[in-house]
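Take this structure, written in structure tokens, and hold onto it; I'll ask about it next.
The values are calculated or read from the model by the stated rules, or taken from the named source; none is laboratory data. Quick caveat, the model's predicted, so the values are computed rather than measured. Because the Cβ atoms are built from the backbone with ideal geometry, glycine has one as well, and the counts that use them run over all protein chains shown. Accessible surface is based on the protein model in full, side chains and every heavy atom, while ligands, DNA and RNA are left aside. Shrake-Rupley method; radii C 1.70, N 1.55, O 1.52, S 1.80 Å.
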Amino acid sequence: MRRIKLACLLLLAFVQQVVLGTHDVYIVTMEGDPVISYQGGVEGFPATAVDLDEEMDTSEAVQLYSLHLRRHHDNLLDSLFVEGTYEKLYSYHHLVNGFAVHMSSLQAEFLRKAPGVKHVERDMKIQKLTTHTPQFLGLPTGVWPTGGGFDRAGEDVVIGFVDSGIYPQHPSFSSHKTDPYGPVPRYKGKCEMDPVTHRSFCNGKIVGAQHFAKAAIAAGAFNPDIEFASPLDGDGHGSHTAAIAAGNNGIPVRMHGHEFGKASGMAPRARIAVYKVLYRLFGGYVADVVAAIDQAVQDGVDILNLSVGPNSPPTATRTTFLNPFDAALLSAVKAGVFVAQAAGNGGPFPKTLVSFSPWITTVAAGVDDRRYKNHLTLGNGKLLSGLGVSPATHGNKSFSLISAADALLGSSATKYSALDCQRPELLNKRKVQGKILLCGYSFNYISGTASIKKVSQTAKSLGAAGFIVAVENNYPGTKFDPVPVSIPGILITDVSKTADLIDYYNSSTVRDWAGRATGFKAIAGIADGLAPTLYNSAPQVALFSSRGPDVKDFSFQDADVLKPDILAPGNLIWAAWAPNGTDESNYAGEGFAMVSGTSMAAPHIAGIAALIKQKNPKWSPSAIKSALMTTANTLDKGSHPLRAQQYTASEMMTLSRATPFDCGSGAVNPKAALDPGLVLDATHEDYITFLCSIPDVNHSEVSNIAGASCSSSSKGQRPYDLNIPSITISQLRGTETVKRTVTSVSEETETYSIMTRMPPEIALDVTPPALTVLPGASREITATLTVRSVTGTYSFGEITMKGHRGHLVRIPVVAMGFK
């Protein structure tokens, strides 16, 4: 009888596998509170919820309740499905009560109707949003001294990096022997062992290192022959972001025998906790990211840096703010964790942000004051500008030019793209030696199969005096970055200058009756491009940085939330690199890389937030965000309004005055952020009220995903009533009144005069015109916006509060008027 029963079960399992079809990963939210908000009520399990100003509870009560939730998840799945037809990947219990499971779409549909299940959503992929900046931001003289100097800046603050891992042997992450890092008792994260060396990834500077890949493995995306099943960074991205925020101070940046300066993180004494979710071939999956965030907050991180984001706004919910990723971050903020997230690299086009929610600090990328320029001088006297972080040609002399097309070896070379100069065996060394090799720029560079580094290696192996890579065709949207190389080299990006170069080369090259080059009369010299040039017209919003307005749903309807929030350096940032990293082919095998992206901007803010947290350990995440935003600069180093890189109609880059949709409140000012005078604070309840106030959002959806119910007080509230340091009204009709509450974080009473600035099409009035705020006290201001004329475009202004003790608080105001 037992054999018959077993055979029936096996047959049923087989039938379910066949009938149910292919499997996907699903994220499931359950009824019942997670650890962070459980206030008791389940018999035998005491409350585990804590207030913001309390230490995170790691007691036996938390462990017991966590185990209770995991068992409940397991029992539910076991009661619904035959063993072997599904695989539970994670139990989420700290920030979210739910789990990730690999199952079929039919099973998911069945699960949606099961008792106790609040929400089921299919997993989606995420992507990466990819030395000088401490000085540019004024940290060494204006900020670090207030925290005890660089050797104490960020001390004992733990920054969690949800990224591609870390290369722990890098000097940016070493544990100082002269001033070792002590323990951080409140941080409870674990350290995985390197499966190859059998050594811990942690060293005192790195206090936690874990990897999350169960969803990626279940989806069939994880290739163990290529990816590292450990916290080891096989990409480079994670090491780079960690070093920007918290890398050790004074680390020499050496490459090709040249020192480009000394690198430092924003908070060089902060600790690093690694939560690897990104991999070489495919990026990552939200289910793994949610597990990492859940674990990071449970472990006790103070700051979370997310240089990752979804590939698009979520499709399964009615608003972008309600998805498992943002819900987990909302719970992290409730737990007192500040979250910095990259805005995205879809600029300069509008509505390209991949960071949406007001509880997250969304960071745009700026171009700082350092630019690497170079030039080429032709024998006819013409000077062609370009990019090239390289030494000058020997003795600053000129050398003969030879095109790769004129140096080909044999007819077999036509099988390959020899003009890219990626394969030295295709070129005649005898012809190239002692000359400057002229190479073409093709789509292979854009796709990543060709690199400037490889051109340099080719030219060097052939004994060339240098190389030129010339762009002959426009590639819309292509970003050309200077690349450090060991021999003289330059990239000519201007198509018209390339035409001048080719005309000069062709007119100066002697050819026989068959068109073969027999004499190379064209000469050129490459200048020294190792030293950067400093500009006052900085910062600027980088061309690639994603722009607002924020969107509230997948149909890209405008949201009443300002995004991005703030601008930080994100263009050509020197920082640590993993020698085995594959993210940037130009830096393969190197210990440092100069990389661009909002991925690089976010850790600047994470590190600066750590400095603020060190000085003000009791501040909430929203208070830290407010301090950063209200003190941001709206002028560049030359005292001109910030400008943003944009495209013209002909796809040429130009500069235009930056708006809050480009840079949020402005460029980060760390010194001012440490002493903002006033902050605009928001609680978890405020964020829930915000979600409940969004038109057309089902209140049950808020409860199902965010884990909190809409109260009666949310009736009549509007999204722009949320007490954040900006005001955004996407559809202003007639007159609207908006209130903001400011709280003094100063030690002295201060009187503020209030001024407004707004274009004439919208009237902006604020009452009272002045207010006095006692230390720790709060006061309310009321802004009234009235449509005067309809333009069909957004109007940008600000409320400025100027204190008699020197504090200056700015609140950007954005509105579009309608009849």
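Looking only at region 607-630, count how many residues are outside any helix (DSSP H, G or I) and open to solvent by less than 10 Å² (accessible area, probe 1.4 Å).
Here is the first cut: in region 607-630, the ones outside any helix (DSSP H, G or I) are 616-620.
Filter again for open to solvent by less than 10 Å² (accessible area, probe 1.4 Å), leaving none.
Final tally of qualifying residues: 0.
Within region 726-734, is there a residue that is open to solvent by 50 Å² or more (accessible area, probe 1.4 Å) and farther than 24 Å from Tyr687 by Cβ? Working first, answer last.
Filtering region 726-734 down to residues open to solvent by 50 Å² or more (accessible area, probe 1.4 Å) leaves 731, 733.
From what's left, farther than 24 Å from Tyr687 by Cβ: 733.
Yes, the conditions are met somewhere in region 726-734.
Could I ask something else about it? Mind checking which residues of region 190-206 are open to solvent by 40 Å² or more (accessible area, probe 1.4 Å) and either among the β-branched types (Val, Ile, Thr) or assigned to a helix (DSSP H, G or I) (or both)?
Just the residues of region 190-206 that are open to solvent by 40 Å² or more (accessible area, probe 1.4 Å), to begin with: 190-191, 193, 195-200, 203.
Val196, Thr197, listed by residue number.
If a residue has to be assigned to a strand (DSSP E or B) and at positive phi to count, how many in region 747-796 make the cut? Break it down into steps so the answer makes sense when it comes.
Residues of region 747-796 that are assigned to a strand (DSSP E or B), as a first pass: 750-757, 762-767, 770-773, 778-787, 794-796.
Restricting the remaining residues to those that are at positive phi gives none.
Of the residues in region 747-796, 0 are assigned to a strand (DSSP E or B) and at positive phi.
Then there's this: Could you check region 324-378 for strands (runs of 3 or more DSSP E) lying wholly inside it with 2 or more residues that are β-branched (Val, Ile, Thr)?
Details: elements: 338-342, 361-367, 374-378.
The qualifying strands (runs of 3 or more DSSP E) are 361-367.
What is the residue count in region 804-816 for residues that are open to solvent by less than 10 Å² (accessible area, probe 1.4 Å) and among the small types (Gly, Ala, Ser)?
1
Oh, and also: So, in region 577-606, of the ones that are among the β-branched types (Val, Ile, Thr) and open to solvent by less than 10 Å² (accessible area, probe 1.4 Å), which residue ends up modelled with the highest pLDDT? Give the steps one after another, and end with the answer.
Within region 577-606, the subset among the β-branched types (Val, Ile, Thr) is 582, 595, 598, 605.
Filter once more, so that each one left must be open to solvent by less than 10 Å² (accessible area, probe 1.4 Å): 595, 598, 605.
Details: Val595: 88, Thr598: 91, Ile605: 97.
That would be Ile605.
Determine whether region 407-416 contains at least one residue that is at pLDDT 90 or above and open to solvent by less than 60 Å² (accessible area, probe 1.4 Å).
Checked against the condition, which is being at pLDDT 90 or above and open to solvent by less than 60 Å² (accessible area, probe 1.4 Å), region 407-416 yields at least one hit.
Just to be sure I understand, how many residues within region 259-283 are touching an Asp or Glu at 6+ places or on another chain (Cβ under 9 Å) and part of a strand (DSSP E or B)?
Matching residues across region 259-283 total 6.
Assuming Ile251 fulfils every condition listed in (1) open to solvent by 10 Å² or more (accessible area, probe 1.4 Å); (2) out of contact with any helix residue (DSSP H, G or I) (no Cβ under 7 Å at 6 or more places or on another chain) apart from one, which condition is it?
Here Ile251 meets the rest and fails (2).
Another question, if that's okay. What are the residue pairs meeting all of these: first residue in region 456-467, first residue closer than 10 Å to Ser486 by Cβ, second residue open to solvent by 10 Å² or more (accessible area, probe 1.4 Å) and of a type in the set (Ser, Thr, Tyr), Cβ atoms under 7 Å, and 6 or more apart or on different chains?
Partner pairs satisfying both residue conditions: Ser456/Ser486; Lys460/Ser486.
What number of residues in region 77-92 are in contact with a helix residue (DSSP H, G or I) (Cβ under 7 Å, 6 or more places away or on another chain), outside any loop (DSSP other than H, G, I, E, B) and among the hydroxyl-bearing types (Ser, Thr, Tyr)?
Going through region 77-92, the residues in contact with a helix residue (DSSP H, G or I) (Cβ under 7 Å, 6 or more places away or on another chain) turn out to be 80-82, 84-92.
With outside any loop (DSSP other than H, G, I, E, B) added as a condition, the list becomes 80, 87-92.
Now narrow it down to the ones that are among the hydroxyl-bearing types (Ser, Thr, Tyr): 90-92.
Of the residues in region 77-92, 3 are in contact with a helix residue (DSSP H, G or I) (Cβ under 7 Å, 6 or more places away or on another chain), outside any loop (DSSP other than H, G, I, E, B) and among the hydroxyl-bearing types (Ser, Thr, Tyr).
Considering only region 194-206, state which residues are among the aliphatic types (A, V, I, L, M) and over 15 Å from Ser172 (Cβ atoms).
Filtering region 194-206 for residues among the aliphatic types (A, V, I, L, M) gives 196, 206.
Of everything in region 194-206, just one residue is among the aliphatic types (A, V, I, L, M) and over 15 Å from Ser172 (Cβ atoms), namely Val196.
List every residue pair whose Cβ atoms lie under 6 Å apart, where the two residues are 6 or more positions apart in sequence or sit on different chains, the first residue falls within region 656-678 and is among the hydroxyl-bearing types (Ser, Thr, Tyr), and the second residue, located anywhere, is part of a loop (DSSP other than H, G, I, E, B).
Close Cβ pairs (under 6 Å, with a partner that is part of a loop (DSSP other than H, G, I, E, B)) amount to Ser665/Ala632.
A further question on this structure: Please tell me if Lys479 is at pLDDT 90 or above, of a type in the set (D, E, K, R) and closer than 30 Å to Leu401 by Cβ.
no
This table checks each residue for (1) within 29 Å of Pro484 (Cβ to Cβ); (2) assigned to a loop (DSSP other than H, G, I, E, B).
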{"residue": "Phe161", "(1), (2)": "yes, no"}
{"residue": "Pro183", "(1), (2)": "no, yes"}
{"residue": "Lys188", "(1), (2)": "no, yes"}
{"residue": "Ser230", "(1), (2)": "no, yes"}
{"residue": "Gly234", "(1), (2)": "yes, yes"}
{"residue": "Thr241", "(1), (2)": "yes, no"}
{"residue": "Ile244", "(1), (2)": "yes, no"}
{"residue": "Val253", "(1), (2)": "yes, no"}
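Say we look at region 494-522 and pick out the residues that are over 44 Å from the mean Cα position of the chain (by Cα) and open to solvent by 60 Å² or more (accessible area, probe 1.4 Å); which of these is modelled with the lowest pLDDT?
Taking the candidates together, the pick is Thr518.
With the checklist (1) more than 30 Å from Val25 (Cα to Cα); (2) outside any loop (DSSP other than H, G, I, E, B); (3) modelled with pLDDT of 90 or more in hand, flag the one item Pro168 doesn't pass.
Here Pro168 meets the rest and fails (2).
Here is a yes/no grid of residues against (1) open to solvent by less than 10 Å² (accessible area, probe 1.4 Å); (2) at negative phi:
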residue: Asn345; (1), (2): no, yes
residue: Lys351; (1), (2): no, no
residue: Thr362; (1), (2): yes, yes
residue: Lys373; (1), (2): no, yes
residue: Leu378; (1), (2): yes, yes
residue: Ser385; (1), (2): no, yes
residue: Thr393; (1), (2): yes, yes
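Please find, among Val50, Val101, Val96, the residue that is open to solvent by 30 Å² or more (accessible area, probe 1.4 Å) and either β-branched (Val, Ile, Thr) or at pLDDT 95 or above (or both).
On the way: Val101 fails: open to solvent by 30 Å² or more (accessible area, probe 1.4 Å); Val96 fails: open to solvent by 30 Å² or more (accessible area, probe 1.4 Å).
After applying the criteria, what remains is Val50.
Any residue at all in region 84-91 that's closer than 28 Å to Phe325 by Cβ and either at pLDDT below 90 or open to solvent by 80 Å² or more (accessible area, probe 1.4 Å) (or both)? Lay out the reasoning, then the answer.
Taking region 84-91 and keeping what is closer than 28 Å to Phe325 by Cβ, we get 85-91.
Keeping just the survivors that are either at pLDDT below 90 or open to solvent by 80 Å² or more (accessible area, probe 1.4 Å) (or both) gives 87.
So far as region 84-91 goes, yes, one or more of its residues are closer than 28 Å to Phe325 by Cβ and either at pLDDT below 90 or open to solvent by 80 Å² or more (accessible area, probe 1.4 Å) (or both).
Name the strands (runs of 3 or more DSSP E) wholly inside region 507-595 in which the number of residues that are within 19 Å of Ser172 (Cα to Cα) is 2 or more.
Where strands (runs of 3 or more DSSP E) fall fully within region 507-595 and carry at least 2 residues being within 19 Å of Ser172 (Cα to Cα), they are 573-576, 592-595.
Tell me whether region 285-297 contains one or more residues that are among the hydroxyl-bearing types (Ser, Thr, Tyr), open to solvent by 10 Å² or more (accessible area, probe 1.4 Å), in a strand (DSSP E or B) and farther than 22 Å from Asn571 by Cβ. Outline the logic, then answer.
As a first pass, look at region 285-297 and keep what is among the hydroxyl-bearing types (Ser, Thr, Tyr): 285.
Checking the rest, the ones that are also open to solvent by 10 Å² or more (accessible area, probe 1.4 Å) come to 285.
Right, trim to in a strand (DSSP E or B) and you get 285.
Going one step further and asking which of them are farther than 22 Å from Asn571 by Cβ, we end up with 285.
Yes.
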